[in-house]
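Report on the structure given below.
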Amino acid sequence: MGTGEPNKKPGFILVISGPSGCGKSTICRNLLEDERVDFSVSVTTRKPREGELDGREYLFVDEDRFREYVDSGAFLEWKEVHGNCYGTLKEPVENALAEGRIYLVEIDVQGGEALKLIRVPGVFIFVAPPDLDTLRRRLVDRGTDTPEVIEQRMRKATWEMDHADLYDHIVVNQDLNIAIAEVRRLAGLAEKADV
Ligand code: ADP
Ligand code: 5GP
């Protein structure tokens with residue numbers, strides 16, 4: 001005996017993608033209240049926004065350091081998104097899978113597609129806004145982006161919505177609590193009371 005924990009459930013990645021402003025971060029914040037879930041901290045060349053901490057939301061690095069990560073093969077996938085580079089580190093994913101954890105990966109559609117292609121065990125969820133007008137309003141109300149950046153994100157949103165079929169599930173984030181419950185159910189996190 002003593003061969004570890006035979007009943008431990010296998011770990012998997014929980015991939016959440018969708019257009020900027022659809023509510024990914026809001027939903028992920030809720031999922032992270034569950035102790036079974038860990039957050040994949042991506043590496044990025046983007047500058048921190050107000051309130052963001054290095055090592056919590058992202059590892060913030062300059063372009064040279066990012067290139068070193070790429071060259072050393074440290075990323076499972078990396079992409080340029082809205083003019084900045086973002087990458088998912090390989091090692092923490094491998095550790096989380098080995099430990100039977102649910103590893104929450106909030107990445108763009110190109111990244112989600114890359115992870116699907118390399119067949120990491122996972123549940124892939126696309127979060128969609130109710131419609132594009134609502135998406136724009138959420139981006140404006142969030143108040144974190146200039147009008148130019150919002151237009152850039154809106155242009156990309158149409159392309160992203162066209163790729164939603166790559167995902168295992170599409171969750172429309174109209175009512176936040178319903179969307180959260182749906183994502184929790186799909187990830188196997190729902191308690192009996194909220195199924
Ligand atoms: P993303 O991470 O996809 O860019 P956020 O989680 O930052 O999106 O959400 C964008 C904005 O929309 C935030 O201000 C958030 O509070 C708001 N929001 C998220 N979900 C809803 C919802 N269901 N109804 C109304 N506002 C929402
Ligand atoms: P933001 O700058 O708003 O935090 O993120 C911009 C976009 O980059 C979002 O769509 C986010 O999901 C995506 N993103 C964050 N981390 C990664 C990553 O490691 N890889 C990829 N491909 N996209 C990421």
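The values are calculated or read from the model by the stated rules, or taken from the named source; none is laboratory data. Nothing here was measured: the structure is a model prediction, and the numbers come from that model. Note that we place each Cβ from the backbone using ideal geometry, even for glycine, and neighbour counts take in every protein chain shown. Quick note on the areas: whole protein, heavy atoms, side chains included, nothing else; ligands and nucleic acids left out. Shrake-Rupley method; radii C 1.70, N 1.55, O 1.52, S 1.80 Å.
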### Summary
Plugging the Cβ-Cβ distance of residue 94 and residue 137 into 1/(1 + (r/R0)^6) at R0 = 45 Å yields, to the nearest 0.05, a FRET efficiency of 0.65
### Task
Let me have the relative contact order for the stretch 12-186, percent, based on Cα pairs under 8 Å that are six or more residues apart.
35 percent
### Loop sites in the stretch 110-181: trypsin sites (Lys or Arg not before Pro), DSSP, at most 14 other Cβ within 10 Å
119
### Message
Can you tell me which aspartates and glutamates have their Cα less than 20 Å from the Cα of residue 156? Leave out same-chain residues fewer than eight positions away.
### Response
77, 80, 106, 108, 113, 131, 133, 141, 145, 148, 165
### Query
What is the chain by shape, rounded, prolate or oblate, if you read a ≥ b ≥ c off the alpha carbon gyration tensor as root eigenvalues and call it rounded for a/c under 1.5, prolate for a/b larger than b/c, and oblate otherwise?
oblate
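So, for the stretch 12-186, what is the accessible surface per residue at a probe of 1.4 Å, expressed in square angstrom?
Computed with neighbouring chains in place, this is 52 Å² per residue.
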### Query
Any idea which of 111, 82, 186 is furthest toward the positive side of the dipole for the stretch 12-186, if Lys and Arg beta-carbons carry +1 and Asp and Glu beta-carbons -1?
186
### Task
Heavy atoms only, probe 1.4 Å: what % of the accessible area of the chain goes to carbon and sulfur, would you let me know?
49 percent
### Query
Dipole magnitude of the stretch 12-186 about its Cα centre, charges +1 at Lys/Arg Cβ and -1 at Asp/Glu Cβ only, in debye to the nearest 20?
240 debye
### Query
With each label point set 7 Å from Cα along the Cα-Cβ vector, what nm distance links residue 54 and residue 72?
1.6 nm
### Task
Give me the distance between the Cα centres of the stretch 122-186 and the stretch 48-101, rounded to whole Å.
22 Å
### Query
Within the chain, what's the longest stretch lacking GluC sites (Glu not before Pro) that sit in DSSP loops with no more than 16 other Cβ atoms inside 10 Å?
100-190
